[in-house]
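Trainee: Would you mind keeping the following structure in view while I ask a few things?
All of the numbers you see were taken from the coordinates with simple rules; none came from a lab. Because the structure is predicted, anything quoted here is derived from the model rather than measured. Cβ placement follows ideal geometry from the backbone for every residue including glycine, while neighbour counts extend to all protein chains displayed.
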Amino acid sequence: MASPLVGYLLVAALIFAIGLAGALTRRNAIMVLIGIELMLNAANLNLIAFWRYGPHPETLTGMMFAIFSIAVAAAEAAVGLGLVISIYRHARTTDLEQMNRMKG
Amino acid sequence: MEVAFYLISALAVGGALAAILLKNLVHAALALTLAFLGLAFLFLRLDAQFAGFAQILIYVGAVAILVVFAILLTRGSELPKEGVFSKTWLVGLVIAAGVFAILGWAILQAGPWLPQATAAPAVTVNDIGNLLMGRYVLPLEIVAVLLTAAMLGAVIVAMHEKEKTK
């Protein structure tokens with residue numbers, strides 16, 4: 001009988017890899033942010049799964065990690081999308097391959 | 001492992017795959033919502049009710065709406081002529097596949113040493129609140145400051161600057 005953790009960890013690894021593939025292969029800046037969000041969520045799933053099957057779930061350490069991680073990810077999403085909107089207003093594009101100048 | 005776990009995992013992984021592969025950005029954002037919902041159900045299955053409902057409220061509710069707003073504000077619903085994947089997509093795919101291979105190998109190698117199924121921990125939202133106001137009060141305050149600063153920063157960055165456009 002395999003540990004129930006294996007299934008959750010494999011799902012988390014798969015979602016992390018999908019998010020990484022999306023962040024690395026898409027041209028649109030918003031899609032890169034979506035990939036990063038998926039990777040953060042996969043990490044949260046790992047934290048919750050290890051909390052649930054870890055030795056001391058009553059101390060809630062993993063759960064706290066996941067809750068703070070969700071809060072930081074929300075802040076990251078707001079700032080990232082604000083930056084994308086700002087760049088779009090400036091350069092009229094969200095295509096990352098056309099953003100090849102450091103000078104504005 | 002039960003059927004419910006496989007169904008929820010299929011929802012989460014399928015949503016994530018669709019979010020990455022769909023060409024239309026609005027469709028991708030909706031698929032992303034499905035993936036977040038599947039992950040919230042996985043949290044609930046892991047007896048983490050608070051994190052599961054926080055996931056639904058924050059990700060399915062707020063972040064998905066934020067993504068849709070950003071897509072519409074940048075006219076991302078129009079398909080680009082040169083395709084949605086970058087020129088170096090093969091390199092990215094190989095890196096992602098390599099990362100998954102390493103992670104999967106590590107998980108399967110560690111399989112026999114991982115803990116067996118245990119009884120669900122008796123944790124209430126009351127305990128979470130007590131810990132947040134007790135042991136974790138300093139991180140909570142820092143997160144509060146971080147969120148305030150991030151929201152102000154996002155508004156200032158995305159705000160229209162009329163003086164500069166003249």
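Trainee: So how far, in whole Å, is the C-alpha centre of region A:46-70 from the one of region B:3-50?
Mentor: After rounding, the separation between the Cα centres reads 20 Å.
Trainee: To continue, here is another question. How much net charge surrounds B:TRP89 when only other residues with a Cβ under 13 Å from its Cβ are counted (Lys, Arg +1; Asp, Glu -1)? Don't skip to the end; give the middle numbers.
Mentor: On the way: positive: A:ARG26, A:ARG27, B:LYS87; negative: A:GLU97, B:GLU82.
Result for the local shell: +1.
Trainee: Would you mind counting up the charge near A:LEU60? Only other residues with Cβ under 13 Å from its Cβ, with Lys and Arg at +1 and Asp and Glu at -1.
Mentor: Numbers: positive: A:ARG52, B:ARG135; negative: A:GLU58, B:ASP47, B:ASP127.
Net charge in that neighbourhood comes out at -1.
Trainee: Exposure proxy check: B:TYR136, B:TYR6, B:TYR59 ranked by fewest other beta carbons within 10 Å? Could you put the intermediate results ahead of the total?
Mentor: Values: B:TYR136 19, B:TYR6 12, B:TYR59 25.
Fewest to most other Cβ atoms nearby, the residues stand as B:TYR6, B:TYR136, B:TYR59.
Trainee: Also: Which of B:PHE41, B:ILE107, B:VAL67 sits closest to the plus end of the dipole of region B:1-131, meaning its Cα is farthest towards the positive end, when Lys and Arg get +1 and Asp and Glu get -1 on the C-beta?
Mentor: B:VAL67
Trainee: With loop defined by DSSP as not H, G, I, E or B, and exposure as at most 14 other Cβ atoms within 10 Å, which is the longest segment of chain A clear of exposed trypsin sites (Lys or Arg not before Pro)? Intermediate results must be reported in sequence, preceding the final value.
Mentor: Details: sites that count: A:ARG92, A:ARG101, A:LYS103.
Result for the longest clean stretch: A:1-91.
Trainee: Count of lysine pairs in the protein assembly as shown with Cα atoms under 27 Å apart, counting only pairs 8 or more residues apart in sequence or on different chains? It would help to have the intermediate numbers written out before the result.
Mentor: On the way: A:LYS103/B:LYS81; A:LYS103/B:LYS87; A:LYS103/B:LYS162; A:LYS103/B:LYS164; A:LYS103/B:LYS166; B:LYS23/B:LYS81; B:LYS23/B:LYS87.
Summing the qualifying lysine pairs gives 7.
Trainee: OK, next. Going by a ≥ b ≥ c, the root eigenvalues of the Cα gyration tensor, does the protein assembly as shown fall in the rounded group (a/c under 1.5), the prolate group (a/b larger than b/c) or the oblate group? Mind showing how you got there, number by number?
Mentor: Values: a/c = 2.34, a/b = 1.42, b/c = 1.64.
Judged from the Cα gyration tensor, the protein assembly as shown comes out oblate (a/c at least 1.5, b/c at or above a/b).
Trainee: Let me ask another. Rounded, prolate or oblate: pick one for region B:86-149, where a ≥ b ≥ c are the square roots of the eigenvalues of its C-alpha gyration tensor, a/c under 1.5 means rounded, and failing that, prolate if a/b is larger than b/c, else oblate.
Mentor: Values: a/c = 4.22, a/b = 1.42, b/c = 2.98.
Oblate is the answer for region B:86-149, as a/c is 1.5 or above yet b/c matches or exceeds a/b.
Trainee: Something else: How do B:LYS81, B:LYS23 rank when sorted from fewest to most other Cβ atoms within 10 Å of their own Cβ? Intermediate results must be reported in sequence, preceding the final value.
Mentor: Working: B:LYS81 5, B:LYS23 11.
Listing B:LYS81, B:LYS23 from fewest to most nearby Cβ atoms yields B:LYS81, B:LYS23.
Trainee: What does the charge count around B:ASP127 come to, taking other residues whose C-beta lies under 14 Å from its C-beta (Lys +1, Arg +1, Asp -1, Glu -1)?
Mentor: -1
Trainee: Also, quick follow-up: Can you bin region A:4-98 into rounded, prolate or oblate? Criterion: square roots of the alpha carbon gyration tensor eigenvalues sorted a ≥ b ≥ c, rounded for a/c under 1.5, prolate for a/b above b/c, oblate for the rest.
Mentor: Details: a/c = 6.94, a/b = 2.03, b/c = 3.41.
Cα axes put region A:4-98 in the oblate bin.
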